[in-house]
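The values are calculated or read from the model by the stated rules, or taken from the named source; none is laboratory data. Everything numeric in this text was worked out from a predicted model, so none of it was measured. Neighbour counts are summed over all protein chains in view; Cβ atoms, including those assigned to glycine, are modelled from backbone coordinates with ideal geometry. Surface areas here come from the heavy atoms of the whole protein model, side chains and all, with no ligands, DNA or RNA. Shrake-Rupley method; radii C 1.70, N 1.55, O 1.52, S 1.80 Å.
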Amino acid sequence: MTKGLKIIFAAASFALAGSAFAETLAPDDVEIVDMEVTASLTGKPGDATIGRETFADRKKGNCLACHVNADLSDQLFHGEVGPPLDGVGDRWTAQELRAIVIDSKEVFGEQTIMPGFYTMNVGINVAEKHKGQTILSAQDVEDVVAYLTTLSE
Amino acid sequence: MAKIYKTGVLLAGLLTAGMSSAALAGGPVDEKLVIDDELEIITRTAAPEGHPLDEVISGWHYRTEETRALEADSFQNPGMLYVERGEEIWNTVEGDAGKSCASCHGDGEEFLKGIGANYPKWNADANKPFNLELQVDQCREENMQAKPYKFDAADQKALVTYIKHQSIGMPVEIDLSQGEMQEWWKKGEETYYTRTGQLNLACATCHEDYNGNYIRADHLSQGNVNGFPTYRLKQSAMVSLHNRFRGCIRDTRAEFPAAFSDELMALEVYVTWRGTGLSVETPAVRQ
């Protein structure tokens, strides 16, 4: 492929990405103020049903690695490193839950074991295939947050 | 574990969590490991000076009853097959010099007693710490004119398992006063507390802050190395220490260093020190 063609392709895919995610906030542009992220990262509401799947998916949220969640008692092996998330929708607002999922370190402090799911504040030597990527996409975050708000006791 | 809580809400959440995890896990089991009803293994002991924890505890305490039982019975311990294979290798001639390990060192059980409990050890010629794998390779190359083993070759694991096993029951103690061992220890400590990968976790995050808790199906231990190489039921195979290190680093979604690289050798020095006083358990059985 000639250099010129490459540039045209690159520009075309950039334009595509740009239009598809026009309203999506990039990780570095997210502002966590007073432990809250007020608006949806995508400008769209999340889908709690999809969020429930993302939450349990080992390749995505894998939240059960560290949290017990009675709503997913059909799934084996809930971890206990973090607090049980039963009733978490009563304890935190959607804005706070969004901040926790995006970058828990901004809420719990630098020492927390909970990964930040939509942040570039990561460890050293990130594996090639994860470089520059967040664990969850912006829409995944919104879906998970929508799901968390349904967890009430 | 110092944490900053910005709200009382979180604290309330953590208090309930503390209660339920006590019910779930209860940390290490309160039992004794005696192999074949005769060999007492030190699986808990006071931590050495300068250690962040009060007590060092073997990974044995965090495994299921079935797994613990396998290690307590050397006829059932699948790792013992590797010990047998290692003994064969010890007595087998290899390389252009026409020698076996036994040609120079004689009876393995006699010569090797206690050696594995004191590795890694400063090697003045190489000007770095040597673990057993590096020492074996040096003897193969220089004394037998044989090729060094490829990392994790079946024979490398069997021979190192055999060597370590000759110190079973003896407390781990490494000599940090030789050469530049202190500097290597320090470097290893730094690695232990450095967060890696997309998941942003350090060894200490899991093994120091959360040992005794379940992370998914895994009961987190202190990550001690006194049982290596260990037999892992999940893999139905012996697993070397550097393989385990690399696996734990990979699980943070980070690139992992080469086996026997300076970085992992420093980590081995430091993590071995953290388990000072625990008995050598090789071949330990883990899940």
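Assorted remarks:
- Criterion: aliphatic (A, V, I, L, M), open to solvent by 50 Å² or more (accessible area, probe 1.4 Å) and either closer than 30 Å to residue A:117 by Cα or more than 14 Å from chain A (Cβ to nearest Cβ) (or both) - qualifying residue of B:146, B:154: B:154
- In summary, helices (runs of 4 or more DSSP H) completely within segment B:54-142 and bearing 2 or more residues that are free of Cβ contacts under 8 Å to residues at least 60 places away in the same chain and either closer than 26 Å to residue B:271 by Cα or assigned by TED's automatic domain parsing to the domain that holds residue B:264 (or both) occur at B:65-72, B:132-138.
- Any hit, segment B:6-18, residues being closer than 20 Å to residue B:274 by Cβ, within 14 Å of chain A (Cβ to nearest Cβ), part of a loop (DSSP other than H, G, I, E, B) and at pLDDT below 95: no
- Residues in segment A:42-67 that are within 14 Å of chain B (Cβ to nearest Cβ) and part of a loop (DSSP other than H, G, I, E, B): A:57, A:58, A:59, A:60, A:61, A:62, A:66, A:67.
- Of the helices (runs of 4 or more DSSP H) entirely within segment B:176-287, those holding at least 3 residues that are more than 14 Å from chain A (Cβ to nearest Cβ) occupy B:181-193, B:241-250, B:262-274.
- Evaluation of residue B:242 against (1) touching a residue at least 24 places away in the same chain (Cβ under 8 Å); (2) open to solvent by 20 Å² or more (accessible area, probe 1.4 Å); (3) within 12 Å of the chain's Cα centre (by Cα) (one fails), failing number: (2)
- Matching residues in segment A:60-80 - criterion: being of a type outside the set (Asp, Glu) and either farther than 15 Å from residue B:215 by Cα or open to solvent by less than 20 Å² (accessible area, probe 1.4 Å) (or both): A:60, A:61, A:64, A:65, A:69, A:70, A:72, A:73, A:79
- Residue match in segment A:89-108 (condition: surrounded by fewer than 19 Cβ atoms within 10 Å (Cβ to Cβ), more than 8 Å from chain B (Cβ to nearest Cβ), under 12 Å from the mean Cα position of the chain (by Cα) and part of a loop (DSSP other than H, G, I, E, B)): no
- Where residue A:83 falls short, out of the listed (1) closer than 22 Å to residue A:42 by Cβ; (2) open to solvent by less than 40 Å² (accessible area, probe 1.4 Å): (1)
- Taken residue by residue, segment A:109-117 has at least one member that is under 22 Å from residue A:81 (Cβ atoms), of a type in the set (D, E, K, R) and open to solvent by 70 Å² or more (accessible area, probe 1.4 Å).
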